[in-house]
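Visitor: Pasting a structure below so you can have a look.
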Amino acid sequence: MEEEMHDRDVRKRVPYNIQRDVLDEPSVDKVAQKSDFKISAKEKLKDAVRCTGPRFKSCFFTFVPLFAWLPRYPFRENAIGDLISGISVGIMHLPQGMAYALLAAVPPVFGLYSSFYPILIYFIFGTSRHISVGTYAVMSVMIGGVTERLAPDSDFILPGNDTNSTIIDIVSRDSERVKIAATVTFLSGIFQLLLGLVRFGFVVTYLSEPLVRAYTTGAAIHVIVSQLKYSFGISPERYSGPLSLIYTIIHICALLGKTNIGTLVVSIVTIVGLIIAKELSALAARKIPVPIPVELFTIVIATVVSWQMDLKSEYGVEVVGQIPSGLQAPVAPAVSLLGSMIGDAFALAVVGYGIAISLGRIFALKYAYKVDSNQELIALGLSNSVGGLFNCFAISCSMSRSMVQVSTGGKSQVAGAISALVILVILLKIGELFEELPKAVLAAIIYVNLHGMMKQFGDICSLWRTNKVDMMVWVMTFILTILLNPDLGLAASIAFSILTVVFRTQLPKYSILGQVPGTDIYKPVEDYNQVKEIPGVMIFRSSATLYFANAEMYIDALYDKTGVDVAKLLSHKKKLEAKRLRKEKKAAKKAKKEAKKRAKEAARAEEQEPELSDTDESGEEPEANGDVHKLSEAKDVVAVEVGPDPDNDTRLPGAIILDLSPVNFLDTVGVKTLRNIHKDYGEAGVQVYLSGCQRGVVESMEKGDFFNEKVTKSILFSSVHDAVLYCQQGNGEEVMQGTHL
C-alpha cells in the first residue's frame, strides 16, 4: 500500500515542459481560427417551431412520462416492493390527511380527497420515482391562513336559543372554507403549470438548502401553535398579518384557564403513547421489513375509546364529526375570489415546488436517475389544478412518507398509485368509521411528526462551523417566517438570501498573485509562503465579477495593493507641471525685462562713445554680446524641473496584470472602470494587461468601445503566465526595473 501511494505521489510530481510562443488574444484567435459563425434569431425561431416526427415523440414522452417508463416496467423485480410500499404509504395517508386537513381549516375528509386525486395525476406526469406527494404540514398551514382570513368565524355567527348567546354556523363556514381552499389550490396549480411551460424550473435555485430547512422549521412552529387550540380545547381569536403568531400565543396563554381537562388528557396520553410506540417501532425495524403503522393504530384505538366512553358528550371533547362516503363531483373554482389570493397562490406554488424538487433531487442522486425540474412543475401544477376542481387543497412532498416508501421497497411511481387506491377504499367504505375520532389525537399526531423538523435547529451549529453567511440566511429565514407568517416570510427570506449574494459580490477578496517556483501556477502571496511576486510585475485579482456595485471598490483595492493612488499621483503631477509653467513664464518675463534694460544701457553707451571699435584691445566681445550670454543663462534657469513630492516618491511596477478569470460578465460601468485603469496607469508610465477574459467579457469590451487605435486586443492574454512572459520578454528591462515617480 505504501509503495502504491509513493508511486502515485511520484506521478503527480513528474515535471513537464511545453514549448510554444507567448500568445496574446489576436494570436490565439489566429492560431485557433476563431469562428464568427452565429445563428440568427430567425433561424433559432424557425428551428424552435419546426415539428418533426422524432421531436413530437420526444416532446410527448417528456410531457407524459408514464408512456415512456410504464411499458418497460420490470414487473418481476419491482412489483412486490411497490405493492408493499404503496399499502404502507397509503395507511400513512389516512391519519396524516385527516390531521393536515385541520391545519387547512377544512373538514378531515377533504384531507383524504387531497391524498387521492393529486397522487393519481402525479403518477401520470411526475418524474421522481421515490417521493410521496400528498398533504404536507407547511402547505396545509399556509392554506389555513388563507381560509381563516377570508372566512373567519365572525362571518358565520348566528343568534342562539338564549337572548345573549350566539352560535357559529359550522356547516356554512366549512362549506365556504372548502371553496376558498379549492380555489387557491387551483390558482397555485395554474401558476406552477405556467412556470413549467415557460421552462422556469430554475426558480428553485433561489431556494437554497439552508433557506428551505429554516423555512420549514419556522412553518412547523406555526403548525404547532395552530394546533394548540385542539390540544387545550379552547377557541382563540384568529389573527392575521405580521406578528400574528405572537398575538396568537399571547391570547392562548390568556385562555389557558378555560382549558378542557378531558381534551388535554387525551392530547397528553396520545403524545406520550405515540413517542413510546415510535421508539419501539424503530427498535423493531431491524427485524421487521415493513414499518409498523403507529399512527393508524393510534387513530383506531382513539376512535374506539372515544366511542365507548362517549368523550364528546361526557367530557366535551371535540371530535371529527361526519365523514361522507364516496367521491364528490368536480366543482368550478370561485372566480370572484381569485383576485384576493394571488399572492398566497404564488407562495404556495413556489414553496410546494421547492420542497418537492429538493427531495426529488436527493433521491435521484442517490439512485442514479434524472428528475426533470420543469416537468416536475407541470406535474405538480396539474395535480393542484385538477385537485382544486375536486375540492382538494394544495399538496407537496412529505419527507416521512417518502422515507417509508423507499425503506419498504418502493422503486417507482407505481407505489404512489397503489397508495391512492388504498385511500380510495377508505373513502368508499371505511371513512365513516372515524367520525368519533377526537381532534386532539390528530393534533398529537402532527406534533410527533414534526419532531424531525425541530431537529433542524442543529443546522445552526453546523453552519456556524462551515459557512457563517449560510447560517445568517438560516437564522434570518426562521425569524422572518415566524414574524411575517409563511407567505410574506418566504418572500422576505428570498430577498435576504439574494441580498447576501449581492453583498458577497460587493465585498470580494482582493489579492496580489505570485508564482509558485518552477511552475506556471499563480496563487495569492498572502496565502502561501513559497509564492513569490514577479519583479516589476504586479498581478491583481478579485474573487468576484466586476460590475456597477463594486467597481469603485475594485479601483480602491487596486490602488491599495499597488501602494499608490494613481489618481492622486496624476493630480500631483499636473500641479507640478502647472507650477513649472508658472516659473517658466515668470523667468521669461524677468529675462525679457533685463534684456530691455541692458539694451537701453548699451544704446546709451554707444551714444557716449561712438568711436569705440567692435572689439576691445584684449580681444573680448563687446558688452552687448555679454548681455546675450546672460540672457541665455537666464533661459537656462527655466529648464530646472521641480522635484517630486516626498510623500509620492514611490516606485511603481513596470506592468500590472489584471486577472479577470473570475469575471463572468461586464456591464457598462465595469468596462468604463477598466478603461480608466488602463488610461490612468498608462499616463503614470505603467503598462496594464488583462488575462483570463471570457468570451462574453471581451464582447462587452468591444461593445463598450474599450478598444481603439491606441488600445488593441494585444493587451489581452489567455493566461496570467502568458502575460508575465510577455512583460519579461517583450518589454525587457524597462518593465522589470519599474517606474520611479
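Visitor: Can you tell me how much longer the chain between residue 261 and residue 467 gets when fully stretched, taken as 0.36 nm per residue apart minus their C-alpha distance, in nm with one decimal?
Guide: 69.4 nm
Visitor: So what is the calculated 222 nm ellipticity per residue for the chain, using -39500 (n - 2.57) for each DSSP H run with n of 4 or more, over all residues, to the nearest 500 deg cm²/dmol?
Guide: The helix contribution divided over the chain gives -19500 deg cm²/dmol.
Visitor: Ignoring ligands, DNA and RNA, what percent of the 1.4 Å accessible area of the chain is carbon and sulfur?
Guide: After summing per-atom areas, the C and S share lands at 60 percent.
Visitor: Dimensions of the range 357-497 along principal axes (Cα, Å, largest first)?
Guide: Principal-axis extents of the Cα atoms in the range 357-497, largest first: 53, 41, 31 Å.
Visitor: If you don't mind, another one. Roughly how tilted is helix 53-63, in degrees to the nearest 10 and between 0 and 90, from the longest Cα axis of the chain?
Guide: For helix 53-63, the angle is close to 60 degrees.
Visitor: Further question: Can you list residues from other chains, or at least 5 along the same chain, whose modelled amide H is less than 5 Å from the amide H of residue 319?
Guide: So residue 319 has HN proximity to 439.
Visitor: Shifting gears a bit: Any chance you could run the full-extension gain for residue 672 through residue 460? It's 0.36 nm times the residue separation minus the Cα-Cα distance, nm to one decimal.
Guide: 72.1 nm
Visitor: Per 0.36 nm of contour for each residue apart, how much would the distance between residue 712 and residue 251 grow if the chain were fully extended, relative to their Cα-Cα spacing?
Guide: Contour length minus Cα-Cα distance gives 158.7 nm.
Visitor: Hey, another quick one. For the full complex of protein chains and a 1.4 angstrom probe, list 365, 382 by accessible area with the highest value first.
Guide: The residues order as 365, 382, largest area first.
Visitor: Continuing with the same structure: Simple spin-label model, 7 Å along Cα-to-Cβ: residue 328 to residue 43 in nm?
Guide: 5.6
Visitor: For the range 507-570, what is the accessible area per residue in Å² when the probe is 1.4 Å?
Guide: I get 49 Å² per residue for this part.
Visitor: Calculate the FRET efficiency for residue 30 and residue 505 from the Cβ-Cβ distance with a Förster distance of 30 Å, rounded to the nearest 0.05.
Guide: 0.30
Visitor: Dipole of the range 150-230 (Lys/Arg Cβ +1, Asp/Glu Cβ -1, origin at the Cα centre): which of 195, 185, 171 lies farthest to the positive side?
Guide: With unit charges placed on the Cβ atoms, the residue in question is 195.
Visitor: Which ³J(HN,Hα) values, rounded to whole Hz and listed in residue order, are derived for the range 433-440 from phi using the Karplus coefficients 6.51, -1.76 and 1.60 in 6.51 cos²θ - 1.76 cosθ + 1.60 with θ = phi - 60°, glycine and proline given as x?
Guide: Using θ = phi - 60°, the values come out as 6, 9, 5, 8, 6, x, 5, 4 Hz.
Visitor: Right, next: Set the Förster radius R0 to 41 Å, insert the Cβ-Cβ distance between residue 578 and residue 603 as r into 1/(1 + (r/R0)^6), and round the FRET efficiency to 0.05.
Guide: The value I calculate is 0.60.
Visitor: Another one. With each label point set 7 Å from Cα along the Cα-Cβ vector, what nm distance links residue 209 and residue 243?
Guide: For residue 209 paired with residue 243, the spin-label model returns 3.7 nm.
Visitor: Lysines near residue 583 by alpha-carbon distance under 30 Å, same-chain residues fewer than 8 away left out - which ones?
Guide: 568, 573, 574, 575, 592, 593, 596, 597, 600, 630, 635, 679
Visitor: Counting heavy atoms of the protein chains only and a 1.4 Å probe, report the per residue accessible area for the range 49-159 as a whole number of Å².
Guide: 39
Visitor: Once you charge only the Cβ atoms, +1 for Lys and Arg and -1 for Asp and Glu, what is the size of the charge dipole of the chain about its Cα centre, to the nearest 20 debye?
Guide: 2100
Visitor: Could you check the spin-label model distance between residue 19 and residue 292? Points 7 Å from the Cα along Cα→Cβ, value in nm.
Guide: 7.8
Visitor: On to the next question. Within the range 98-116, name every residue whose backbone N is under 16 Å away from a label modeled 7 Å from Cα of residue 168 along the Cβ vector.
Guide: Backbone N within reach: 101-108.
Visitor: Note down the accessible area of residue 714, probe 1.4 Å, to the nearest 10 Å².
Guide: Rounded to the nearest 10, the figure is 40 Å².
Visitor: Dipole of the chain (Lys/Arg Cβ +1, Asp/Glu Cβ -1, origin at the Cα centre): which of 41, 224, 309 lies farthest to the positive side?
Guide: Farthest along the dipole direction, towards plus: 309.
Visitor: Quick one: which of 38/713; 287/312; 34/561 span more than 32 angstrom between C-alpha atoms?
Guide: Correct reply: 287/312; 34/561.
Visitor: Still on this structure, I have one more. Ordering 397, 59, 693 by how much accessible area each has at a 1.4 Å probe, largest first, what is the list?
Guide: Greatest to least solvent exposure: 59, 693, 397.
Visitor: Using a Förster distance of 56 Å, how high is the FRET efficiency between residue 51 and residue 335, based on the Cβ-Cβ distance and rounded to 0.05?
Guide: Here the calculated transfer efficiency is 0.95.
Visitor: Given the C-alpha atoms of the chain, compute the convex hull and give its volume per residue in Å³.
Guide: 320
Visitor: Which residue, 275, 142, 73, has the largest displacement toward the positive end of the dipole of the chain when charges sit on each Cβ (Lys, Arg +1; Asp, Glu -1)?
Guide: So the residue furthest toward the plus end is 73.
Visitor: Can you tell me which of 131-138, 671-678 comes out highest on packing, and rank the rest after it, using the mean Cβ neighbours within 10 Å?
Guide: 131-138, 671-678
The values are calculated or read from the model by the stated rules, or taken from the named source; none is laboratory data. If you're wondering where the values come from, they're calculated on a predicted model, not measured in any experiment. Virtual Cβ from ideal backbone geometry, glycine too; neighbours counted across all protein chains shown. Only protein heavy atoms, including side chains, enter the accessible area calculation; ligands, DNA and RNA are left aside. Shrake-Rupley method; radii C 1.70, N 1.55, O 1.52, S 1.80 Å.
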